[in-house]
Amino acid sequence: VLFRSDFLTGDIIGTDFDFGKLTVRAGRERCRGGQPCPPQYDWSDELAELKAAQDEDPPPSLQEVARRINPRQETRTFIHRLRNNLPEACRAISSRHAEYQRVQKLNRLHGMLRQALDEDPPPSMNEVSRRVAKCLGRRRITSLYTLSPDLCYAISARYKEYRLKQDEEERRRLREDIRRAAKVLHSRNIYPARMRVVELLGLSSDLSVRGRAFLREAKRELGIG
C-alpha cells in the first residue's frame, strides 16, 4: 500500500501499489578489472525478502532491508548488487519508502499549521513559514499556500484581525497618554508644547503624525488651540 495526502483536509489516503511480477535479472553480475566472474548466483531468497518488505508498515527503506538481508556486507555495495540484479523490486521498495516520507512531512506540516492557528497571539504567515522551513531542514518554504491553502488563509486572516486590534489599542493608549500629559502641563500653567509632552511621557523620539493630531485634539479640549 502506498500513501498520498489530501492537501485540503490533511487526510492520508491509501492507494494500491502493484508490486508486479518481479523477476531476477538474467545474466551474471558484471566482472571488473578482468577478474574471473563468480558462478551464477541465485537471488531468489533476496527477492522474497524484498517482496515481504512491501507489506511492512511503516515502509522500510532499501538501506534498511539490505542490512537485514546481508548484514555482513557493506550496505552500499550490497545495495548496488541488489539494484543490478533485482531492479524492479528495489525500485518498488524505494518508491514506497519515499512516498511514505513525503506524507509524513506533509502530516507534520499540516500539524504545525493547525497549531499555529490556535496560538495566542496569532503568528504571521511569514513567521509560520520560517518555522516550517527550519523544522524540515530547508532555508525557506514558498509553497505553503499551494500545499494547504485553507489553513494558510485562515492563519493570515487571523493575524490580520489581530494586528488591526493591536493598532486600535495602540491608538487608544497613545491618545489617552497625550490627553493626560496635556492636562497635567496645563494644570501647572505650562503650555503643552509638543516637546514638553514628549518629555513628560518619557518618549525616546518625537510624536508621530498620529500623535501630533491627538495633541491638537487635546489642546482644543482644553480651549488653548
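Residues that are open to solvent by 70 Å² or more (accessible area, probe 1.4 Å) and in contact with a Pro (Cβ under 9 Å, 6 or more places away or on another chain) do occur in the stretch 121-138. Under the condition of being in contact (Cβ under 8 Å) with a residue 12 or more places away in the chain, part of a helix (DSSP H, G or I) and open to solvent by less than 70 Å² (accessible area, probe 1.4 Å), the residues counted in the stretch 174-221 number 16.
Taking the stretch 72-146 and the helices (runs of 4 or more DSSP H) fully enclosed by it, the elements with 3 or more residues that are in contact with a strand residue (DSSP E or B) (Cβ under 9 Å, 6 or more places away or on another chain) are at 87-117. Checked against the criteria, Ile224 does not count as open to solvent by less than 40 Å² (accessible area, probe 1.4 Å) and touching a helix residue (DSSP H, G or I) at 6+ places or on another chain (Cβ under 9 Å). Does Tyr162 satisfy being closer than 29 Å to Ser124 by Cβ, out of contact with any strand residue (DSSP E or B) (no Cβ under 6 Å at 6 or more places or on another chain), without any contact (Cβ under 8 Å) to a residue 40 or more places away in the chain and part of a helix (DSSP H, G or I)? So Tyr162 fails the test.
The values are calculated or read from the model by the stated rules, or taken from the named source; none is laboratory data. The structure presented is a predicted model; accordingly, all values stated were derived computationally and were not measured. Methodologically, a virtual Cβ is constructed for each residue, glycine included, from the backbone with ideal geometry; neighbour enumeration extends over all protein chains shown. Calculation scope for accessible area: heavy atoms of the full protein, side chains included, ligands and nucleic acids excluded. Shrake-Rupley method; radii C 1.70, N 1.55, O 1.52, S 1.80 Å.
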